[in-house]
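Just so it is clear, none of the values below were taken in a lab; they were calculated from the coordinates. This structure is a prediction, so every number in the text was calculated from the model and none was measured. Here the Cβ is made from the backbone with ideal geometry for all residues, glycine too, and neighbour counts use every protein chain on show.
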Amino acid sequence: MSAPAAAHYTSTGLDSRKIAIWAFIGSECMLFVSLISTYLIYKGRSIVGPFPHEAWTSPSGQHFKPILNIPVTSASTFVLLMSSLAMVLALSAVQNKELPKRTTGDRILGSSKLWLWMTALLGTTFLGFQAFEFTSFVHEGLTIRTNLFGSSFFTLTGFHGAHVTAGVIWLLTLLAIDYRRGLGPKDALNVDIAALYWHFVDVVWIAIFTLVYLIK
Amino acid sequence: MEHDSTHSDPVAVADHHAHGDDDAYHPGWSTYWKVALILLVITVVEVWIYYIPSFSASRAFVPSLLAMSAIKFGIVVAFYMHLKYDHKLFRALFTGPLFIAATTLIALLFLFGQLVARFGPGK
């Protein structure tokens, strides 16, 4: 479809697509809180290691370090936070596409392609950090079947990673549209909906970073 | 946080008019970079206190982390998700389920003994 989708106004005067994304985000809150609840309920109840914050020696004498790597996760958290900044700038660029760009700064801030690429790249970098973390955990002896910590940790962070992956694919589709016909103010709502999803994924990580990684 | 809508800033002026859905105000670059800086600083403080053994062993550690996390959560929702400026129905659609979920989480933590309420003098 070459023309932008028409607005779907409801009796509230609000676009139904925006109401739908907020309702979806509300339901996603419940999904992630259920996963976080499971993690917190099982926290400290694993019978065998490796453990998140404590070293452990198995009955066979094998020594396991605390498994969580805070510096690496802090870096990935920084990357995801910056991706949210890039996403709001992408939305702003789409909304203001038709304004004159007088300075180099205006042209940089007004480039929706640049900020969409930046967001997708930062999201992919976050996924790279997560792949590195999962791989190193498996090499260190923690899988989803090892103990309660492994089961709840991989389920929670795996679900989050799947959401980031979906977000990156969504961003790439927006980029494809931008290259094909250009995104403009008429597409602002579509980009806004994608941005809301992306920021939601970011706020979920803010909670996971504190509850899973930092609280011992 | 000040609004960026000045007539000398065409980007901010357009922010007022570019919305087809509900004419909600969206802040501009000058707000967004400040928000990013605040998020970055809070994250650095969170990681920093994690590495202070005396603080991470104290009773203030967990409440401090939860408070900083809540501030970051609120800032992203308010400014990047524009809930501060958007229609109250969107606010209700987000905060309603979040409240139910958070209450359920706290109830479950009490139920499974991860949180304990102590009333009266302890033993």
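What the table below lists for this structure:
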{"item": "Kirkwood Rh and Cα Rg combined as Rg over Rh, evaluated for region B:27-123", "result": "1.07"}
{"item": "Distance (nanometres) between label positions extended 7 Å along Cα→Cβ at A:K216 and B:V62", "result": "1.3"}
{"item": "Whole-angstrom gap from region B:82-109 to region A:107-144, using each part's C-alpha centre", "result": "28"}
{"item": "Footprinting exposure proxy for A:I47, A:I193 (fewest neighbouring C-beta atoms within 10 Å first)", "result": "A:I47, A:I193"}
{"item": "Shape of region A:1-125, Cα gyration tensor, a/c cut at 1.5", "result": "oblate"}
{"item": "Between region B:35-72 and region A:146-161, the Cα center-to-center distance that results, in Å", "result": "24"}
{"item": "Rounded FRET efficiency, nearest 0.05, which uses the C-beta distance separating A:R181 from A:S34 and R0 of 56 Å", "result": "0.85"}
{"item": "Rounded FRET efficiency, nearest 0.05, which uses the C-beta distance separating A:T103 from B:Y51 and R0 of 35 Å", "result": "0.25"}
{"item": "P(r) tail fraction, the protein assembly as shown - alpha-carbon pairs more than 26 Å apart, %", "result": "52"}
